[in-house]
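The values are calculated or read from the model by the stated rules, or taken from the named source; none is laboratory data. This structure is a prediction, so every number in the text was calculated from the model and none was measured. We place every Cβ from the backbone using ideal geometry, glycine too, and count neighbours over all the protein chains shown.
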Amino acid sequence: MTLPIKKHRQNLGLTQKALAAKLGVSLPSVVNWENGKISPKGKNLAKVKKFLASSSPAPKKAPKKVAAPKKRGRPKKV
């Protein structure tokens, strides 16, 4: 049985590393689950089912602030 882990992870904007951290498992476990080499079992299966039932996207990174351009030209005489 192949679970739609990869598709759901991508829809939420998570990397494999982020998903592994979120689930408390190793990165190779996530990779193997997504490739269908192994299936999660026991506690990990419960974690994956809970993840698949979630629908909240990953928090978006705040946009980088761009510095205002420096003014050019001569300084004004007072």
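General remarks:
- Contact annotation: residue pairs with Cβ atoms under 9 Å, 6 or more positions apart or on different chains, pairing a residue in the stretch 11-38 that is more than 22 Å from Ser55 (Cα to Cα) with a partner that is among the hydroxyl-bearing types (Ser, Thr, Tyr) and buried (at least 17 other Cβ atoms within 10 Å of the Cβ), are Ile38/Ser29.
- Top-ranked residue of the stretch 1-38 - restricted to ones that are surrounded by 14 or more Cβ atoms within 10 Å (Cβ to Cβ) and part of a loop (DSSP other than H, G, I, E, B), ranked as modelled with the highest pLDDT: Val25
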